[in-house]
Amino acid sequence: MIPFFKIDEKIERASDIALKKASEQFKKIDEITEYNQLKVLSAFINNGVSESHFVSTTGYGYGDRGRETLDKIWAEVFGAEDALVRHNFTCGTHTLATALFGVLRPGDKMLSVTGTPYDTIHNVIGISGSGMGSLKEFGVAYDEVPLKDDRLDYEAIEKAVDESVTMVYIQRSRGYELRPSLLIEEIERVVKIAKKKNPSVIVMVDNCYGEFVQKKEPCDVGADLCAGSLIKNAGGGIASTGGYIAGRHDLVEKCAYRLTTPGLGKEVGATLGHNRELYMGLFYAPHTVGEALKSAVYISALFSGFGFKTTPAYDAERGDIVQSLGLENEERLVAFCKGIQSGSPIDSYLSPEPWDMPGYDSKVVMAAGAFTMGSSIELSADAPIREPFYAWIQGGLTFHSAKICAMLAAQQMLERGLLDV
Ligand SMILES: *Cc1c(COP(=O)(O)O)cnc(C)c1O
């Protein structure tokens, strides 16, 4: 019997079966977690981290050793020459936009090879919106190579990367799509193809949700630049805000000139006492990502056992922490999200309802009960109320809390007669 929570015996039995099914993947996840944890620990040791690196600076923040050393550690962990890790990045979109505006110039061309990028990047590129100062308004051209059967179209990529292309842009995570995430090996193949066609091309990777999912990161396989959010994987559930860019020294420098100003770059930026949590977040990140991955695999195994479509499948190789479940109708999506919310450490007493969210063309129901507002390395679920009625789930600070959350979601569905067990 599960202590402290009321779960139907049938769900407990299904959970035991799901755990057995997941055990092979759990072993693989443990092995990757250990590898990445050792990578991070050795970078801390190599850079001689001490308590003095946590000292808070104010004002200009000149000579902040904690900030400078964190950049070095980050570069080492991400297989890059240099990095820019700052609490000043407001979110992942801001970090990616800083990188794009940092390195692209009027007359340049950006080529997305993973189809149309994540929604929030559309205004940055100028695919939608006007008068906001998009890349397009600054004379940066954009083109994309669509995915073919949800996979990279290597032939079309080879054709598209010519002398006119300044940057090849890759989105590692599936975001809110049903396509599989990219594996690091696929990113490597794109890098090789792109550099062969145009040796001076800059390969940039949107690394959101991908950090520490595999043993290598994009720069390890030849990408020139990658960027992500600190309230997803790379902040380990501890960073309270921020983002990072890692990559070639000259490109990171340009990004720093964009974040602050030409000339000042990395030299300024008071850390206001954030250093300790950014260090601690990176230290925890491999483990936290491992917990999130186990949560995703377990949820996939449990709900496929109930007869629902899950993507990725529990035994599939993963390039990000995102899990989606095809729950087939509105009632189930709502019951699922209510169950997830009821098992969250924060705001468990709230009951999510579908609402018209700005920027969406349908109602959306969301469950999130996180220590950090909007954090998606903490367990959260959201679902647009429209065909094909999928819920997107990510995160899980601890596997055991995510596991009970998933069981409570199943329990909610069972109590409403929406689950066959
Ligand atoms: C989360 C995410 C972003 C950035 O989103 P923010 O909400 O601004 O942090 C960009 N791309 C992908 C693939 C993401 O998952």
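To keep it simple, each residue is scored yes or no on (1) assigned to a helix (DSSP H, G or I); (2) more than 16 Å from the ligand (Cβ to nearest atom); (3) at positive phi.
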site: Ala256; (1), (2), (3): yes, yes, no
site: Thr271; (1), (2), (3): no, yes, no
site: Glu291; (1), (2), (3): yes, yes, no
site: Ser295; (1), (2), (3): yes, yes, no
site: Phe303; (1), (2), (3): yes, yes, no
site: Ile321; (1), (2), (3): no, no, no
site: Glu331; (1), (2), (3): yes, yes, no
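Phe308 fails exactly one of the following numbered conditions: (1) under 30 Å from Glu24 (Cα atoms); (2) open to solvent by 10 Å² or more (accessible area, probe 1.4 Å); (3) touching a residue at least 24 places away in the same chain (Cβ under 8 Å); (4) out of contact with any Ser or Thr (no Cβ under 9 Å at 6 or more places or on another chain). What is the number of that condition?
It is condition (3) that Phe308 fails.
With the requirement that a residue be within 16 Å of the ligand (Cβ to nearest atom), over 16 Å from Ala316 (Cα atoms) and out of contact with any helix residue (DSSP H, G or I) (no Cβ under 9 Å at 6 or more places or on another chain), what does segment 144-156 give you?
Across segment 144-156, the qualifying residue is only Leu147.
Looking at segment 45-60, which of its residues are among the hydrophobic types (A, V, I, L, M, F, W, C) and either in contact with a Cys (Cβ under 9 Å, 6 or more places away or on another chain) or surrounded by fewer than 17 Cβ atoms within 10 Å (Cβ to Cβ) (or both)?
Scanning segment 45-60 gives Ile45, Val55.
Looking only at strands (runs of 3 or more DSSP E) that fall completely inside segment 117-221, which ones have 1 or more residues that are within 18 Å of the chain's Cα centre (by Cα) and closer than 27 Å to Ala292 by Cβ?
Ranges flagged: 167-171, 202-206.
Is one or more of the residues making up segment 275-285 buried (at least 19 other Cβ atoms within 10 Å of the Cβ) and either within 24 Å of Tyr118 (Cα to Cα) or without any contact (Cβ under 8 Å) to a residue 24 or more places away in the chain (or both)?
Yes, segment 275-285 contains at least one residue that is buried (at least 19 other Cβ atoms within 10 Å of the Cβ) and either within 24 Å of Tyr118 (Cα to Cα) or without any contact (Cβ under 8 Å) to a residue 24 or more places away in the chain (or both).
One residue is enough: does segment 157-164 have a residue meeting the conditions in contact (Cβ under 8 Å) with a residue 24 or more places away in the chain, aliphatic (A, V, I, L, M), open to solvent by 20 Å² or more (accessible area, probe 1.4 Å) and within 16 Å of the ligand (Cβ to nearest atom)?
There is no residue in segment 157-164 that is in contact (Cβ under 8 Å) with a residue 24 or more places away in the chain, aliphatic (A, V, I, L, M), open to solvent by 20 Å² or more (accessible area, probe 1.4 Å) and within 16 Å of the ligand (Cβ to nearest atom).
Taking the criterion of being of a type in the set (Ser, Thr, Tyr), open to solvent by less than 20 Å² (accessible area, probe 1.4 Å), within 19 Å of Ile231 (Cα to Cα) and within 16 Å of the ligand (Cβ to nearest atom), would at least one residue in segment 92-105 satisfy it?
yes
So which residues in segment 242-296 are among the aromatic types (Phe, Trp, Tyr) and under 30 Å from Ala18 (Cβ atoms)?
Within segment 242-296, Tyr284 is the sole residue that qualifies.
Find the residue count for segment 222-234, including only residues that are assigned to a loop (DSSP other than H, G, I, E, B), more than 19 Å from Leu293 (Cβ to Cβ) and open to solvent by less than 20 Å² (accessible area, probe 1.4 Å).
2
Kindly evaluate Gly139 against the criterion of being in contact with a Pro (Cβ under 8 Å, 6 or more places away or on another chain), within 16 Å of the ligand (Cβ to nearest atom) and touching a residue at least 12 places away in the same chain (Cβ under 8 Å).
no
Could we say that Val85 is crowded, with 18+ Cβ neighbours inside 10 Å, in contact (Cβ under 8 Å) with a residue 12 or more places away in the chain, within 16 Å of the ligand (Cβ to nearest atom) and closer than 16 Å to Phe283 by Cα here?
yes
Restricting to segment 172-210, name every residue that is within 11 Å of the ligand (Cβ to nearest atom) and under 25 Å from Tyr35 (Cα atoms).
The answer is Arg172, Ser173, Arg174, Ser181, Leu182, Val205, Asp206, Asn207, Cys208, Tyr209, Gly210.
Here is a check on your reading of the model: is Tyr390 buried (at least 20 other Cβ atoms within 10 Å of the Cβ), within 21 Å of the chain's Cα centre (by Cα) and not charged (D, E, K, R)?
Yes, satisfied.
The values are calculated or read from the model by the stated rules, or taken from the named source; none is laboratory data. Model, not experiment: these values are computed from the prediction. Glycine gets a Cβ as well: all are built from the backbone with ideal geometry, and neighbour counts include every protein chain shown. Note: accessible area is taken over every heavy atom of the protein model, side chains too, but ligands, DNA and RNA are not part of it. Shrake-Rupley method; radii C 1.70, N 1.55, O 1.52, S 1.80 Å.
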